[in-house]
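Here the structure is laid out as structure tokens; the discussion comes afterwards.
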Amino acid sequence: MEKGLYKRVSDSEVLFAQTKISTPIYTITVIDYQDYVEEIEDGWYWFNYRQDALDFLNIIEDNEEPIIHPWHDEKCSIQIILTYEQNLTLLSNAPEFGVYIKENNINTIIENGFVYIYVNYILDGHVEVLKHYGAKINYI
């Protein structure tokens, strides 16, 4: 279950915010809009489930094979993909991931609104956290 705010970006991409959205024009705090059924602001809606958001916003997620960047470390066997927004949410709620990535010099590529992380292994507890924040994990 991924309760939170969702906004359609394209036919295959949706933005997600678990706690808060801040722009120069407006701020949306999740606690103020839980179970709200109409558009909140600028295309943002509240949903209790990710699939409900995808259905309502008519999003067809890309299930294509992973994009493997030619410059990634060939020793890496796992690719983690997050949208830029998912990555920001993850790092604001679980900052230890950002520290771990920096301290271990993990290959990270930011391209076209996505963050690609290449690793050799993921601890089971980390898989759950990454999936909670919407990460797509590919074993390559």
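The values are calculated or read from the model by the stated rules, or taken from the named source; none is laboratory data. Note that the structure is a prediction, hence the values are computed from the model and not measured. For neighbour counting, all protein chains shown are included, and Cβ atoms are generated from backbone atoms with ideal geometry for every residue, glycine included.
Some points to look at:
- Hits in the range 1-27 - residues which are in a strand (DSSP E or B), among the aromatic types (F, W, Y) and within 12 Å of G43 (Cβ to Cβ): Y6
- Among the residues of the range 16-40, those identified as of a type outside the set (A, V, I, L, M, F, W, C), on the phi < 0 side of the Ramachandran plot and modelled with pLDDT under 80 are Q18, T19, K20, S22, T23, P24, Y26, D32, Y33, Q34, Y36.
- Annotation note: Cβ proximity below 7 Å between a residue of the range 31-60 that is of a type outside the set (S, T, N, Q) and a residue that is exposed (fewer than 12 other Cβ atoms within 10 Å of the Cβ) and not in a loop (DSSP other than H, G, I, E, B) (sequence gap 6+ or interchain) occurs for no pair.
- Checklist (1) within 16 Å of Q86 (Cβ to Cβ); (2) in contact with an Asp or Glu (Cβ under 6 Å, 6 or more places away or on another chain); (3) at pLDDT below 80 applied to E13, failing item: (2)
- Among the residues listed as Y121, Y100, Y116, the single one being over 21 Å from G4 (Cβ atoms) and either assigned by TED's automatic domain parsing to the domain that holds Q51 or assigned to a loop (DSSP other than H, G, I, E, B) (or both): Y121
- Look at the range 2-18: where a residue is touching a residue at least 60 places away in the same chain (Cβ under 8 Å) and a partner is basic (K, R), sitting 6+ places away or on another chain with Cβ atoms under 7 Å, you get E2/R50; L15/K7.
- Applying the criterion of being in contact with a helix residue (DSSP H, G or I) (Cβ under 7 Å, 6 or more places away or on another chain) and either assigned by TED's automatic domain parsing to the domain that holds K20 or not in a helix (DSSP H, G or I) (or both) to the residues of the range 78-97, the residue that is farthest from N48 (Cα to Cα) is I80.
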